[in-house]
Every structure is written in structure tokens, then in C-alpha cells.
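Here is the structure we will look at, set down as C-alpha cells.
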Amino acid sequence: GGGGVACARRPRPLFAATVKWHGIKLLQKQDIARRVFLHDRRYVSSGTSEPFLSGSNSNYVEEMYYAWLENPKSVHKSWDLFFRNTNAGQAYDPHLPDQLERKASFLQSHGLAQTPSKAEKLVEDHLAVQSLIRAYQVSIRGHHVAQLDPLGILDADLDSFVPSDLITTIDKLGFYGLHESDLDKVFQLPTTTFIGGNENSLSLREIIKRLENTYCQHIGLEFMFINDVEQCQWIRQKFETPGVMKFTNEEKRTLLARLVRSMRFEDFLARKWSSEKRFGLEGCEVMIPALKTIIDKSSEMGIEYVIMGMPHRGRLNVLANVIRKELEQIFCQFDPKLEAADEGSGDVKYHLGMYHERINRATNKKITLSLMANPSHLEAVDPVVQGKTKAEQFYRGDTAGKKVMSILLHGDAAFAGQGVVYETFHLSDLPSYTTNGTIHVVVNNQIGFTTDPRMARSSPYPTDVARVVNAPIFHVNADDPEAVMYVCSVAAEWRNTFNKDVVVDLVCYRRRGHNEMDEPMFTQPLMYKQIHKQVPVLKKYADKLIADGTVTLQEFEEEIAKYDRICEEAYTRSKDNKILHIKHWLDSPWPGFFNVDGEPKSMSCPPTGISEDLLTHIGNVASSVPVKDFKIHSGLSRILRARLEMTKNRVVDWALAEYMAFGSFLKEGIHVRLSGQDVERGTFSHRHHVLHDQEVDKRTCVPMNHLWEQQAPYTVCNSSLSEYGVLGFELGFAMASPNALVCWEAQFGDFHNTAQCIIDQFISSGQAKWVRHNGIVLLLPHGMEGMGPEHSSARPERFLQMSNDDSDAYPFSEQFEVSQLYECNWIVVNCSTPANYFHVLRRQILLPFRKPLIVLTPKSLLRHPEAKSSFDEMVSGTTFQRVIPENGLAAHAPHEVKRVIFCTGKVYYDLVKERKNQDLEKQVAITRLEQISPFPFDLLKEELEKYPGADLVWCQEEHKNSGYYDYVKPRFRTIVNHTRPIWYVGREPAAAAATGNKNTHLVSLRRFLDTAFNLEAFEGKTF
């Protein structure tokens, strides 16, 4: 109300809406009465929600106050006492009566004597007007009636009812107990609206008119679900204040010029290549000026780097007009005779990314724009963009996101349909994943390929998923360019003020089919009849500006001719481009890492061991609590003591080996980031990288960050319970810089398949498609231990099947090991010793290039007494062993060996134990493959030649149709030139990855161990 009442702290809400005159007794409680004090003017609470004595109830208290002024005995004695002790027991304020005099005269001007019945009517009418104002503000009200669809045939939402509480006809006033005769009455405005501008009261007629102007035109706002008063007030002020959407002539001319470029670019492509797919932007050309406005406003507010992700629709236009890629580079992509340089298999033109630094014309500041390359899998790029944005913020020390931000573009059908959108939203406010607010722009062309919205989602709007993180949502009719620019400007300001996500929903249409070759009339005949009649937005806006004299027809035509000429000249130049270099389309360059031509600076890898002093130092810190007065769990004390003991004895287990690798990088200034579900402690309670104080809540310590005075930071973070979103995020993080070890660990290897899209479309093929190196490490716990079909297998066969090394080619060359790694698309290892795990992590960074590393990590080996390594295997000069050959009795008399068993991972320990039990240590050699892909042809050839008279057996604990056998068999055959068989020993083929029955598990283990050491098992069999 006029004299808005604030609460010192929130009393229990006693009234819902209207409190009748006779309900005074509800307020008799003195404690409430004391906590209320009056201010004369508006207030804004910084609390989370509006106190009950604001808004509606404040009017009621005021009216009570006027009645008390007239006659203190006319109110209940508790009110009498309360008004005498206003301001919680302070002396009576002599100025209050003056203010109330003014209010009393306000009442008299309405011809109301202060009798209870008339005052009551006034209270109720004021409450009614407040409810009316709120009805327009509240979500799912105002924007229901807003004219959002440029085609005028669909509601932008699927809920077609018109809310009963908006004044769409005069008789609706009755809903509020108001009448047509009240239209010219003047009402005081509540603090929760800005429609008055500088005025505190307006006539009801004017109130309704202004509300309709704000909420029922071309902009629909959803923000009232945000539970922060300050943020709601900020939005109301931006949209309700009269005259906010005024543009200068200069701004209008810029907008027109940007629309010309957006539209004529599509027209040019349509003229030159009428039968080519390009996923044009026709029907939403306003997106180009919209993005430019967001970037201009953000640049003005201090942003220096914008990272964008978007689907295919309009991508070429964004590359040309927002990022400003040279037009000839785009046009030459349409040439069917364009040859590809030999740097990968490439991708279609509307999937490629781009990186560009330039001056922003509007602010004259430097801005860097990066558009991420992406697959056709819609929305898959969302978490990747967020990860890269987080990394760029991290390396700049931009903890609040004031320098780097992300913009994500979406289609309406995918935004509602793809679950990864929800996963990405849930990363938006997590400490180790937040990018401090993303601007989402939805190109809502109200159709998904051939599917109507009614069949594409169950929610009213495609943007409803954003409500889960309290992001405001601005719907806007894309045929009103000025409304779009205003909304985008507010969105950019919102993101850079509150550092929270915001959604702009551009309600538009799609002028052609899904692609330019598609016929939409088959499935949407009525919609497309309307679209064929639709006047393009450029013509509409140009006509408006010409009519009001902002530009002349001649200036408009010159602007068009100028851009057409630019396109024609670029087209002529594009004919000279005969070779496509994908590296010109790189979205994440690593300056200084490669040679000028993008090649590695060397083709060798230095030894990966480190000095003994370093090992000892890291071991000592790993077994200590480097913070004073920090009480750890007694069970953890035992673990730390065991680590200290190991360090003294110069040995490491799995967890300590990982500690050594991570710690050694931090000394060298290499950032290490480990992310995934429960990685801080480790799913198997082995890691304990974050110590928790047992006495003080949320007090933690990360010893890894206390290794040296000057060291790189170590980030270890439990992720949300998501694989797709989080793996995408880490992939993006790893893309930003080659000088970081970024690891994602699955809870169990079995769960990586919910992130299969990231693995298939980005990790496996990213370099081939987009010449983009990435050194991400996937840690996938794997091993058959009787834990059931979802806790046993990381599906190594899938990674191996997607490896690009040729089973028939035998590539011997100089520096075979490193050049083989350089040619492959990823590295798959299953280490059997902690030292080898240490080395493979170290090699990941010491290589002169970056490849994804897939590590099948152990579970039972974490605590296996045999699975320990000595410092001797890790000190300076030592390296990763791709193959660990037999080095026992069998190796000393190779000609007596009857059988060589090749295996990988944990099964080695089962085999060694069984061999000892059967006393076959002279007859059977066991060799371990530590690196499975790329295949170590050279080392295995030596092994095979060493045992000329032996059977060759591949033994695995996985089922025959999974695991490694199908991958290793043809490669072994290539080495022996198909002269010797390689027999299979392991479990039988099966549909499920493992059994759920402990007994079945043990029986099948026993069976294949027996076969492995039965030297007659394969006699007389043909291969």
C-alpha cells in the first residue's frame, strides 16, 4: 500500500488475502504487533519472499490507523496500544499525524466519511486492484493473452484457456467486486508495481491499460515463481516502467542494418545454391540482431569472451554475421569440387565450429567469440559449452563469471525433449560446475521437423524446464524486432547483474521445410498456407521505419545493395579456394602447443618416472592432515597410517600411485581436475582426497592442495548424479587447455553408457571430424567379481570396436610407440599394477599431443596384497609398460614352455595363483597386455618369437562376445602371419555382462581356470 509496511522479521502469515473489518482479533498477539513499524514510502525487502504485511495487508493496517486517528476508541484496545507504541516501543512519533492528515484528506476526496462500512469498501477495492495487478504479473496469466505467435494461428503455449482473472471484457471486473463505475476512481498503487512511473496512484482505467501494455502485447513474462523479492522487483521495473522500450533513431537504423544482413545472407544462399541443405533461418531472422544485442550489452558490462553452442538451424548465418567468419570460407563449402586436406574425415558445414577475436563495434572493446562444433545430436553440446566456459573462467581467475560467459541456442522441440537440457540446468549452481549464469535463446518455430508442439511436449511452453532453477523466461514475438532487442538487452543485464540463467523464447516460424529440400505441406498444410502469406519481418520493420521517417526508402535499398555486393565479391573470391582446411574452423585453439602448421613439436615422449624425493614427499603429505586442529575419523587415521608405512617401505597401492601422479603434475604447474559421482572419497572408499572434520560441519581439507607453496590447484568434485551432462562438461573443460589433466570417473564402468552420446560423437570421433585434440581421461571401474550385471563391465569391447587401428596393417616405423599413439583416435588401457597406472597418467600430459585415455580401473585390486608397486618402478628413467612380459621361471627356459597365456587386468592375479597351485610355473608363461589399443604389435611379436613351441591362449574373465577377444584375435593372427592359432579361454557368450548369482560366478571362474591350465585342452582342435 501507499505507506508500505515492512516487517523486522517475518511474522507467521496470518491472513491469506482480505481481512474483514471484524477480524481484528486475529492481530491481538502483542509479539506481532510490536514487530511491525510504519514507513511512509515504498520498500524493497532483500529477503526471500514478501512479508505478509506488505501488499494487501498493509492497506488494511493503514485504514485501521486512519480510523484510530479519528477516534482511538473506535478500534480494539490492542490496536490502540500498538499505535501508541509504534516502532516497537519507541516514543510516539509526532510526525505521523501529519502524514496521516494527508491520507485522511485523500479519503475525503473520495467522498468517504470515515465510517467503518465505507472505509471497509475502500480497503476491499484497494485489495481488489492489487489482486488485479498481481494477476497480470503472475506467470501463466499475462503471457496467456500476449500476442506471441507471429502467425496469429497458435497460442505460443498449449494451454488455450484465457485466464478468467484478466480484464479481457468489462464484465470481468465483477470477478474483483469492482464495477464499470469504478474505472475512473483513483487507486493508490502497491509497492510491487512500477506502472505508475513517478505517480503513486492511477485511475483503474489507466491501471488496466498500462498492465495490458506491459503484459499482453508482444512480450510474455514468466518470473513470479522466483522467490527473491529483489529479483522480481528488478524485472518488474524493467518491463512495467512507462516508456522503457524507447529506441533512438540510431539504434533503430542499426537494428534494420543487422536485419538486412541476416535476411540477405539467407536469400543469397537460396539464390546461389537452391538445392543445397543449409538449415536456413528464414522466419527467425531476428535471431542475428538478438545475439548481437546480447553480445553488445555483455561487452558493455565487462564480458571479454563469449562461448556459444547452437544447433544447425541458422548456424551459417551466425558464423557469417555474429562471429564474422570470412564469407568466402563459408561459400566455398558449397562447392562440390572442394577437396579436403588430409587432416581428418571432416563434417558437414552446418556442424563446424569457429574461434575469432575482434573488436566489438558497439563498445569498441575486444571480444573473443567461440562457437563450438557439435554433432546432429541436438542439445548434446550444452554441457560441453558449459565445461569449456568453466575452464576459461578458471584459468582467468574469473570466479564470478564477469569476463567469460556462455550463450546456448536451442530449438523448441529439442529443448523440451532432450534430457541433457535438464542435466545441464542442474549443473548451473553447483560450486565446481557453475558458469555464473547462461543466456538461453530458444528459436521456437513451433514445430519439430514434422511434429506439432501438441505431440512434442506435455508442458505449456517448451521453456518450462528452465523453471527448475528459477530462471526468468521472456517470451517474445519474433516479428516485433524492437521487443526482441529490448528483451535480449534485459536478459544480458540480468545475467551480468545476478549471475543466473535466463531464457529468451523467440516465438517465430519456419518459412521452409526442416531442410530446404523438405515439403512441409504434407503434414502442416494450414500452418504453411499462413506462412506463405506472411510478410517477412525485414519488410514489416523497414515499412514501419520508412513510414515514421527514421530511414528513407533509398537508404534502405542502398543498405541491401551494399550487403548484396559484399556477398557477390566474397562469392567470386571463394572460387579460388580449392582445398578445405578444417583447422580454419577450430573452436578451441591451443596457442604455442603445436607447430605453426598444427603438427606436434616432436614425435617422442620423455620418461614418465619422477625422483625418489618427490615420491617420498607426496607420500608423506598424502598420509598427513596438513591443517591444525582438524579432527578426522578414526578409520581414516588407520588408512593414513598405512599410507605412511607404505611410503617408508617404498611401495604404493592404487590410491597412492594416483596421488603420486596427480601431485607430480601440480608441482609442474599442471592443473588436475577429477570429477564424477562420489570421487572425493571414491566409490570404493579408497581415495579420501577430501578430509572431513568430525566436529565442525562442512569443514574440509584437501591435502593435495598443501604439497608446495607454489603449485597448480587441484580440483576434486563430487558431481550431480548424471553421466551424460557431467562427462560432456569435463570434455569441454579439457578442451580449453592442453596443460591440464581432466579425469571423469564413473561410479562403475557399467554406467558410462548413459553418456554414450558424448563418447561416440565427441570423444571417439572429435579429432577426425573437427581436428580437435582432447586429453580427457575416463576412469571406468571394471572387473568380474560376482557383483551382478550392472557392477561388472565397462564394456571394453565397445571402446575397442571404435578404435581406428587396423587389425591387418603391421605398421613398423621409427618411434613406433609414439607415432602409433598419434595416429589412433583414443588409447584403451587396463593396468594391472599401480606403477603402470601412475605412468599412463603421467604419459597423458608428457606426450606432444593429446588423445582421450580410457582406463579400465580395478575394484578388488585396490586392496589386493599383490597389487602393489615398488618405488623402483616409478623413479626417474622408468616409463609406462605397454606389455608386461613373463619374468619368472618360464622366461628363463622359453623352449620348455608349453603354453603362453595372454591376458589383461585383474584376471592375471587369478591366473598366477592357479598356476602356482597346479605347479605349472615352468610350463606356462603369462604375459599381460597393459595397453590394448593401439595394439602393441612390436612387443608382442618379440614375445611370440620367444616361445616358438607353445600354444597361444587369450584368457579373459569377460564373456566371449564381450571383453577383448574379438579385437586381439585378428591382430595376433597378423603378427604370426596366420600360421599359429590363438585359442580362447574365458566365459561362454552371454546376453548380460555378468551373472547376478555368486555361485554361478565362482563356478564359471573355476571352469575357465581349469581350461587355461589344461595343457591338452586344444589338442586335435582346428582353429
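Looking only at segment 889-914, count every residue that is basic (Lys, Arg) and open to solvent by less than 10 Å² (accessible area, probe 1.4 Å) and tell me the total.
Result for segment 889-914: 1.
Would you pick out the residues in segment 377-397 that are crowded, with 19+ Cβ neighbours inside 10 Å and over 16 Å from Met308 (Cα atoms)?
Answer for segment 377-397, where residues must be crowded, with 19+ Cβ neighbours inside 10 Å and over 16 Å from Met308 (Cα atoms): just Phe394.
Can you find, within segment 551-581, the residue that is farthest from Lys769 (Cα to Cα) among those that are charged (D, E, K, R) and modelled with pLDDT under 95?
Ranking the qualifying residues of segment 551-581, first place goes to Arg573.
Say whether the condition of being open to solvent by 10 Å² or more (accessible area, probe 1.4 Å), under 30 Å from Gly949 (Cβ atoms) and not hydroxyl-bearing (Ser, Thr, Tyr) is met by at least one residue in segment 853-860.
No, segment 853-860 contains no residue that is open to solvent by 10 Å² or more (accessible area, probe 1.4 Å), under 30 Å from Gly949 (Cβ atoms) and not hydroxyl-bearing (Ser, Thr, Tyr).
In segment 853-897, what residues are in contact with a Gly (Cβ under 7 Å, 6 or more places away or on another chain) and among the small types (Gly, Ala, Ser)?
Result: Ser860, Ser876, Gly877.
For Leu952, state whether it is aliphatic (A, V, I, L, M), in a loop (DSSP other than H, G, I, E, B) and touching a Phe, Trp or Tyr at 6+ places or on another chain (Cβ under 8 Å).
Here the answer is no, as Leu952 does not meet what is asked.
Please tell me if Asn917 is closer than 25 Å to Ile854 by Cα, modelled with pLDDT of 95 or more and open to solvent by 20 Å² or more (accessible area, probe 1.4 Å).
The answer is no for Asn917.
Looking only at residues that are assigned to a helix (DSSP H, G or I) and within 31 Å of the chain's Cα centre (by Cα) in segment 134-154, which one is modelled with the lowest pLDDT?
If we take residues in segment 134-154 being assigned to a helix (DSSP H, G or I) and within 31 Å of the chain's Cα centre (by Cα), then Gly142 is modelled with the lowest pLDDT.
So, in segment 582-624, of the ones that are modelled with pLDDT of 90 or more, among the hydrophobic types (A, V, I, L, M, F, W, C) and outside any loop (DSSP other than H, G, I, E, B), which residue ends up farthest from Arg641 (Cα to Cα)?
The extreme case among them is Ile610.
For segment 437-550, give me every one of the helices (runs of 4 or more DSSP H) that falls completely inside it and has 1 or more residues that are open to solvent by 10 Å² or more (accessible area, probe 1.4 Å), over 21 Å from Lys292 (Cα atoms) and modelled with pLDDT under 95.
Filter on segment 437-550 gives 453-456, 525-533.
Give me a count of the residues in segment 565-603 that are open to solvent by less than 40 Å² (accessible area, probe 1.4 Å) and either without any contact (Cβ under 8 Å) to a residue 12 or more places away in the chain or among the charged types (D, E, K, R) (or both).
Qualifying residue count, segment 565-603: 1.
Only residues in segment 421-449 that are over 20 Å from Val484 (Cβ atoms) and in contact (Cβ under 8 Å) with a residue 24 or more places away in the chain count as the first member; pair them with residues that are part of a strand (DSSP E or B) and not charged (D, E, K, R), Cβ under 6 angstrom, at least 6 apart or cross-chain, and list the lot.
Ser432/Cys717; Thr435/Ser406
With respect to Ala655, is the statement that it is in contact with a helix residue (DSSP H, G or I) (Cβ under 6 Å, 6 or more places away or on another chain) and either of a type in the set (A, V, I, L, M) or crowded, with 17+ Cβ neighbours inside 10 Å (or both) true?
no
Could you tell me which numbered condition Asp629 fails, if it satisfies all but one of (1) touching a residue at least 60 places away in the same chain (Cβ under 8 Å); (2) on the phi > 0 side of the Ramachandran plot?
Among (1) touching a residue at least 60 places away in the same chain (Cβ under 8 Å); (2) on the phi > 0 side of the Ramachandran plot, the lone unmet condition for Asp629 is (1).
Would you say Val1003 is in contact with a strand residue (DSSP E or B) (Cβ under 8 Å, 6 or more places away or on another chain) and among the β-branched types (Val, Ile, Thr)?
Spelling it out, it is not the case that Val1003 is in contact with a strand residue (DSSP E or B) (Cβ under 8 Å, 6 or more places away or on another chain) and among the β-branched types (Val, Ile, Thr).
If a residue has to be within 27 Å of the chain's Cα centre (by Cα), in contact (Cβ under 8 Å) with a residue 60 or more places away in the chain and not in a loop (DSSP other than H, G, I, E, B) to count, how many in segment 680-703 make the cut?
Result for segment 680-703: 0.
Return the residues of segment 681-700 that are open to solvent by less than 40 Å² (accessible area, probe 1.4 Å) and either among the polar types (S, T, N, Q) or under 26 Å from Pro781 (Cα atoms) (or both); say none if nothing qualifies.
Selection gives Gly682, Thr683, Ser685, His686, Arg687, His688, His689, Val690, Leu691.
Are there any pairs, at least 6 apart or on different chains, whose C-beta atoms fall under 7 Å, with the first in segment 901-925 and over 22 Å from Gly963 (Cα atoms) and the second polar (S, T, N, Q) and buried (at least 18 other Cβ atoms within 10 Å of the Cβ), and if so, which?
If the second residue must be polar (S, T, N, Q) and buried (at least 18 other Cβ atoms within 10 Å of the Cβ), no pairs are left.
For residues that are open to solvent by 10 Å² or more (accessible area, probe 1.4 Å) and either within 21 Å of Leu553 (Cα to Cα) or polar (S, T, N, Q) (or both), tally how many sit in segment 257-280.
8
Applying the selection to segment 958-991, what residues are surrounded by 17 or more Cβ atoms within 10 Å (Cβ to Cβ), within 21 Å of Asp1010 (Cα to Cα) and not acidic (Asp, Glu)?
If the condition is that a residue be surrounded by 17 or more Cβ atoms within 10 Å (Cβ to Cβ), within 21 Å of Asp1010 (Cα to Cα) and not acidic (Asp, Glu), then His959, Ser962, Gly963, Tyr964, Tyr965, Pro981, Ile982, Trp983, Tyr984, Val985, Gly986, Arg987 are the ones that fit.
Could you say which residue among Gly786, Gly775, Gly749, Gly725 is closer than 27 Å to Pro600 by Cβ and of a type outside the set (A, V, I, L, M)?
So the residue among Gly786, Gly775, Gly749, Gly725 that is closer than 27 Å to Pro600 by Cβ and of a type outside the set (A, V, I, L, M) is Gly775.
Check whether at least one residue in segment 236-251 is β-branched (Val, Ile, Thr) and either buried (at least 19 other Cβ atoms within 10 Å of the Cβ) or on the phi > 0 side of the Ramachandran plot (or both), and report yes or no.
No, because not a single residue in segment 236-251 is β-branched (Val, Ile, Thr) and either buried (at least 19 other Cβ atoms within 10 Å of the Cβ) or on the phi > 0 side of the Ramachandran plot (or both).
Kindly provide the set of residues from segment 945-957 that are more than 17 Å from Thr1022 (Cα to Cα) and either crowded, with 20+ Cβ neighbours inside 10 Å or free of Cβ contacts under 8 Å to residues at least 40 places away in the same chain (or both), ordered by number.
Matches in segment 945-957: Glu945, Tyr947, Cys955, Gln956, Glu957.
Take residues that are open to solvent by less than 10 Å² (accessible area, probe 1.4 Å) and closer than 20 Å to Lys388 by Cα and tell me which of the strands (runs of 3 or more DSSP E) falling wholly in segment 292-376 contain 3 or more.
Here the list reads 305-309, 365-371.
Go through (1) more than 24 Å from Thr833 (Cα to Cα); (2) touching a Pro at 6+ places or on another chain (Cβ under 8 Å); (3) among the hydrophobic types (A, V, I, L, M, F, W, C) for Ile582 and report which single condition fails.
Among (1) more than 24 Å from Thr833 (Cα to Cα); (2) touching a Pro at 6+ places or on another chain (Cβ under 8 Å); (3) among the hydrophobic types (A, V, I, L, M, F, W, C), Ile582 violates only (2).
Taking segment 311-334 only, how many residues are touching a His at 6+ places or on another chain (Cβ under 8 Å) and either under 20 Å from Thr435 (Cβ atoms) or not basic (Lys, Arg) (or both)?
4
Just for strands (runs of 3 or more DSSP E) wholly inside segment 839-934: which have at least 1 residues that are within 36 Å of the chain's Cα centre (by Cα)?
Because the criterion is at least 1 residues that are within 36 Å of the chain's Cα centre (by Cα), the strands (runs of 3 or more DSSP E) in segment 839-934 that meet it are 853-857, 931-933.
The values are calculated or read from the model by the stated rules, or taken from the named source; none is laboratory data. For clarity, every value in this text was computed on a predicted model and none was experimentally measured. Ideal geometry is used to build each Cβ from the backbone, glycine not excepted, and the neighbour counts take in all protein chains shown. These accessible areas exclude ligands, DNA and RNA; they are computed on the full protein's heavy atoms, side chains included. Shrake-Rupley method; radii C 1.70, N 1.55, O 1.52, S 1.80 Å.
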